[in-house]
1. Among residues belonging to region 308-335 that are at pLDDT below 90 and touching a helix residue (DSSP H, G or I) at 6+ places or on another chain (Cβ under 9 Å), point out the one that is nearest to residue 270 (Cα to Cα).
2. Give the residues of region 274-293 that are more than 21 Å from residue 200 (Cα to Cα) and surrounded by 13 or more Cβ atoms within 10 Å (Cβ to Cβ), sorted by residue number.
3. Could you please let me know if residue 185 is closer than 19 Å to residue 78 by Cα and either surrounded by fewer than 22 Cβ atoms within 10 Å (Cβ to Cβ) or more than 13 Å from the chain's Cα centre (by Cα) (or both)?
4. Looking at 284, 280, which one is in the same structural domain as residue 327 (by TED's automatic domain parsing) and free of Cβ contacts under 8 Å to residues at least 12 places away in the same chain?
5. From the list 305, 252, 241, pick out the single residue that is surrounded by fewer than 21 Cβ atoms within 10 Å (Cβ to Cβ), under 19 Å from residue 173 (Cα atoms), touching a helix residue (DSSP H, G or I) at 6+ places or on another chain (Cβ under 9 Å) and at pLDDT 95 or above.
6. Of all residues in region 259-273, how many are in contact (Cβ under 8 Å) with a residue 12 or more places away in the chain and either under 16 Å from residue 180 (Cα atoms) or buried (at least 22 other Cβ atoms within 10 Å of the Cβ) (or both)?
7. Listed residues 71, 146; which is crowded, with 21+ Cβ neighbours inside 10 Å and under 26 Å from residue 193 (Cα atoms)?
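The values are calculated or read from the model by the stated rules, or taken from the named source; none is laboratory data. Quick caveat: nothing in here was measured; it's all calculated off a predicted structure. Please note: Cβ atoms are built from the backbone with ideal geometry, for glycine as well, and neighbour counts cover all protein chains shown.
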């Protein structure tokens with residue numbers, strides 16, 4: 001049967017080799033909560049720890065890295081894509097105050113390259129270990145005819161938990177409160193179709209002084225920053241966070257309003273934070289308007305934090321988060337996001 005399947009374009013042995021190569025990296029994410037081993041039909045995770053919470057809430061999210069995989073393919077670099085995937089998902093549930101429990105990955109291509117797949121999943125494992133989450137399971141699929149040759153698709157699902165009393169849902173946000181930004185490392189996992197089109201005729205390997213000595217390829221592959229540690233520092237400092245917004249696809253224009261109560265808007269003051277130079281290069285080469293840039297990319301605004309003016313002053317004065325910036329405020333006279 002394997003010979004017949006191979007003739008149809010699927011190499012079962014390649015999938016088995018990929019699993020073997022990634023096994024130890026995956027196991028390194030296991031704590032006592034994980035009750036199954038790699039290769040099980042379903043991952044088993046003990047929920048005993050949830051008993052210590054008054055009212056535990058599970059938070060789940062699924063996402064991918066878009067066409068950043070095509071950048072990785074062009075650069076021949078696959079060890080960061082898995083980190084991007086996990087960090088993006090961690091940030092998405094962090095917005096509501098959740099801490100990750102476990103993660104599941106999906107990696108698919110027209111033809112499996114075991115070393116390539118193992119590199120991606122090992123990246124997932126590295127990021128999971130960094131945030132204390134188990135890489136509980138996943139799927140490696142070889143589907144000729146569905147995916148293009150030499151291209152890979154990745155997606156991930158994360159499950160986290162929080163006690164209901166610590167839920168962050170934006171409902172307490174009020175006019176006059178301050179918007180802080182934790183910077184991004186670059187494009188993170190959004191806007192790559194436009195970036196690739198604009199920069200396709202440039203040299204992606206040559207170091208560029210305007211990119212602080214990085215090449216275009218290196219700047220595009222910068223790992224999506226995880227903000228879990230930053231938010232935990234705010235909690236430890238007794239900061240009452242009223243809202244968090246992860247700036248992903250749609251930029252600040254689409255993502256910040258997702259957490260604002262009805263009738264409220266936000267002013268964002270351009271020039272109050274540092275924009276990574278890769279965005280300036282994309283805008284200049286592509287002759288792209290500010291509106292399109294801020295509606296496509298994060299523009300350096302990785303995670304927005306909404307707090308009272310008093311709390312904002314405490315954070316800045318304490319240097320708790322050295323790279324935080326005050327970038328705007330919540331307003332009642334305008335809905336949506338207005339760039340000033």
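1. Looking at the filtered set, the residue picked out is 335.
2. Selection gives 275 alone.
3. Numbers: closer than 19 Å to residue 78 by Cα: yes; either surrounded by fewer than 22 Cβ atoms within 10 Å (Cβ to Cβ) or more than 13 Å from the chain's Cα centre (by Cα) (or both): yes.
It is true that residue 185 is closer than 19 Å to residue 78 by Cα and either surrounded by fewer than 22 Cβ atoms within 10 Å (Cβ to Cβ) or more than 13 Å from the chain's Cα centre (by Cα) (or both).
4. Working: 280 fails: free of Cβ contacts under 8 Å to residues at least 12 places away in the same chain.
Just one listed residue meets the conditions, 284.
5. Numbers: 305 fails: surrounded by fewer than 21 Cβ atoms within 10 Å (Cβ to Cβ); 252 fails: surrounded by fewer than 21 Cβ atoms within 10 Å (Cβ to Cβ).
Criteria check complete, one pass: 241.
6. Matching residues across region 259-273 total 10.
7. Details: 146 fails: crowded, with 21+ Cβ neighbours inside 10 Å.
It is 71.
Condition check ((1) over 14 Å from residue 61 (Cβ atoms); (2) without any contact (Cβ under 8 Å) to a residue 40 or more places away in the chain; (3) in the same structural domain as residue 222 (by TED's automatic domain parsing)) across all residues:
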| site | (1), (2), (3) |
| --- | --- |
| 80 | yes, no, no |
| 96 | no, no, no |
| 113 | yes, no, no |
| 128 | yes, no, no |
| 134 | yes, no, no |
| 139 | yes, yes, no |
| 144 | yes, no, no |
| 150 | yes, no, no |
| 153 | yes, no, no |
